[in-house]
Amino acid sequence: MTLTTHATLGAVIGRATGNPALAFIFGFISHLLIDMIPHGDTGTSDNFRIYKRRRKQAIAYVMVDAAVAIFFVLLLANTKDINSMRTFSWGIVGGVLPDFLVGVYEITKSPLLRWAYRLHFFFHDFFVKRRGDVPLFYAIMAQVVLIAYLQTKL
Ligand SMILES: [Zn+2]
């Protein structure tokens, strides 16, 4: 999923828990679970990780994804009456952390992070490797609708 989806879902789950530590934990779990839904990025991800081709395209995709997520989180923080900024923030941190750890692992190949990488792709690839992926464009459109709904819950 896009980082904006993970961040918004993490924030909403964080609010539901009402507690920063639980917001972080459930935000993290929410990332793994929602990533199981096929969401169009397997081609980009496999090109980068497995086939080592079109890697600049994958990096550009992630950079745009991250910048959009930052803008959207700032938009939420500046337009909503967030009742606990701490819970909001820890929900987002938990929601985004799995992808951050994947990125750090890609850069460092640190054995300390191999578990996080494997855990992430166990969930991410669970259905797409059995049943195939959906087109990225439709997956992003569906996420826009989901985010529009989720932000009403903040
Ligand atoms: Zn992910």
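What follows is calculated from the coordinates using simple rules that are stated; it is not laboratory data. All values reported here derive from a predicted model rather than from experimental measurement. Backbone-built Cβ (ideal geometry, glycine too); neighbour counts: all protein chains shown.
Can you tell me the relative contact order of the chain? Whole percent, Cα pairs under 8 Å, sequence separation 6 or more.
Working: 215 pairs, mean separation 67.5, N = 154.
In percent, rounded to a whole number, it is 44.
Cβ under 15 Å from Asp41's Cβ, Asp41 left aside: what net charge do those residues give with Lys, Arg +1 and Asp, Glu -1?
So the environment of Asp41 carries a net charge of -3.
Quick one: net charge around Lys52, please, counting Lys, Arg +1 and Asp, Glu -1 for every other residue with C-beta under 15 Å from its C-beta.
So the surrounding residues net to +4.
What is the extension gain from Thr152 to Thr108, computed as 0.36 nm multiplied by their sequence separation minus the C-alpha to C-alpha distance, in nm to one decimal? List each step's numbers first, then the result.
Working: separation 44, 0.36 × 44 = 15.84 nm, distance 3.83 nm.
That works out to 12.0 nm of additional length.
How large is ³J(HN,Hα) for each residue in the range 74-88, as worked out from phi by the Karplus curve 6.51 cos²θ - 1.76 cosθ + 1.60 (θ = phi - 60°), to whole Hz, x for Gly and Pro?
Calculated HN-Hα couplings, in order: 5, 4, 4, 5, 9, 10, 9, 8, 6, 7, 9, 4, 5, 5, 3 Hz.
What value, in deg cm²/dmol to 500, does the helix sum -39500 (n - 2.57) over DSSP H runs of n ≥ 4 give at 222 nm once divided by the residues of the chain?
-24000 deg cm²/dmol
Pick from Gly103, Gly91, Gly40: which is most flexible by mean-square fluctuation in a GNM of the chain where alpha carbon atoms under 10 Å apart are linked?
Gly103
According to the Kirkwood expression over distinct Cα-Cα pairs, how big is the hydrodynamic radius of the chain, in Å?
Kirkwood radius, the chain: 15.8 Å.
Please get the size of the charge dipole for the range 3-153, origin at its Cα centre, with Cβ charges of +1 on Lys and Arg and -1 on Asp and Glu, quoted in debye to the nearest 20.
In total the dipole reaches around 400 debye.
With Cβ to Cβ distances under 15 Å as the rule, what net charge do the other residues near Ser84 carry (K, R +1; D, E -1)? Before the final figure, lay out the partial values.
Working: positive: Arg15, Lys80, Arg86, Lys153; negative: Asp81.
Here the count lands on +3.
Report the full-extension gain for the segment Phe126 to Ala67: residue separation times 0.36 nm, less the Cα-Cα distance, to one decimal in nm.
Details: separation 59, 0.36 × 59 = 21.24 nm, distance 2.73 nm.
Extra length from Phe126 to Ala67 when fully extended: 18.5 nm.
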